[in-house]
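The values are calculated or read from the model by the stated rules, or taken from the named source; none is laboratory data. All values reported here derive from a predicted model rather than from experimental measurement. Neighbour counts run over all protein chains shown; Cβ positions are idealised from the backbone, glycine included. We work out accessible area using only protein heavy atoms, side chains counted, and drop any ligands, DNA or RNA first. Shrake-Rupley method; radii C 1.70, N 1.55, O 1.52, S 1.80 Å.
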Amino acid sequence: MRSTEPVASGPPAPGGPEALGRLLQRSSRGDHAAFGELYDATAARVHGLALRVVRDPAQAEEVTQEAYLETWRTASRFDPAKGSALSWMMTIVHRKAVDRVRSAEASTRRDLTYHHRTSTPEHDSTAEAAHASLEAHRVRSALAALTDVQREAVELAYLGGYTHTEVAQLLDLPLGTAKTRIRDGLIRLRDAMGVGQ
């Protein structure tokens, strides 16, 4: 396969469209020299169309090469009664270029989808602080709704980190009474905060 660098533009081939058709028909019979002439006569236009569609020089060169390879393989399918050789070739180029663009877009979509699914969202400390502040306000309001003895027992057990036995000792209460105050306080807190509703 020859280089896909475009040659200088000019007339498509000596003798016009019929000459390109004859070169394509000779190429279909395995005539390498005819295919070389066909390439030289059409490379600038083929590469130009590929570049206009894919908009990337490296991709356009690959599309051009693929189009010429398909032209070589399928040259026997060319029917001059249905159109010119150049139109037939340009259809191949256009199809290959569009396929390349679609493939690149699908790959980009897959990459973006994967990135969105696997990336961790950025930490929003402002929203988190606001949420924590609202929760703290709700807890303080709920604690205020408790009786003094319930609030004292709950604060020692859950804010102070004391065990039920230690709460009973600190408040000079029997253990059962301390547990009851803590349990009753937690039930009222749950109800006041709407937990489990």
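Working from label points 7 Å from Cα in the Cα-to-Cβ sense, the Asp56 to Arg140 distance is 5.7 nm.
Each residue of region 30-41 was assigned a 3J(HN,Hα) from its phi angle through the Karplus curve 6.51 cos²θ - 1.76 cosθ + 1.60 (θ = phi - 60°); the sequence is x, 7, 5, 5, 5, 5, x, 5, 4, 4, 4, 7 Hz, with glycine and proline shown as x.
Going by alpha carbons, how many degrees (0 to 90, nearest 10) lie between the helix axis of 125-144 and the longest principal axis of the chain? Between the helix axis and the principal axis of the chain, the angle is about 20 degrees. Converting phi to 3J(HN,Hα) with the Karplus coefficients 6.51, -1.76 and 1.60 and the offset θ = phi - 60°, region 51-66 yields 5, 5, 7, 8, 6, 9, x, 5, 5, 4, 5, 5, 4, 4, 4, 4 Hz in sequence order, with x at every glycine or proline.
The mean sequence separation of alpha-carbon pairs under 8 Å and at least six residues apart, normalised by the residue count of region 89-197, gives a relative contact order of 25 percent.
Please report, in debye to the nearest 20, how large the charge dipole of region 14-59 is about its Cα centre when each Lys and Arg carries +1 at its beta carbon and each Asp and Glu carries -1 there. Before the final figure, lay out the partial values.
On the way: 6 positive and 5 negative charges, 27 e Å.
So the magnitude is around 140 debye.
Rolling a 1.4 Å sphere over the protein heavy atoms, what is the accessible area per residue of region 104-181, to the nearest Å²? Intermediate results must be reported in sequence, preceding the final value.
Details: 5890 Å² over 78 residues.
It amounts to 75 Å² per residue over region 104-181.
Rolling a 1.4 Å probe over the protein heavy atoms of the chain, with every protein chain left in place, gives an accessible area that is 52 percent carbon and sulfur. For region 145-197, averaging the sequence separation of C-alpha pairs within contact (under 8 Å, six or more residues apart) and dividing by the residue count gives a relative contact order of 44 percent. Name the residue from Pro17, Phe35, Thr177 whose Cα lies farthest towards the positive end of the charge dipole of the chain, charges +1 on Cβ of Lys and Arg and -1 on Cβ of Asp and Glu. It is Pro17. The calculated FRET efficiency for Ala129 paired with Arg102, based on their beta-carbon distance and R0 = 45 Å, is about 0.45. Centroid-to-centroid, using Cα positions, region 50-81 and region 140-197 are 80 Å apart.
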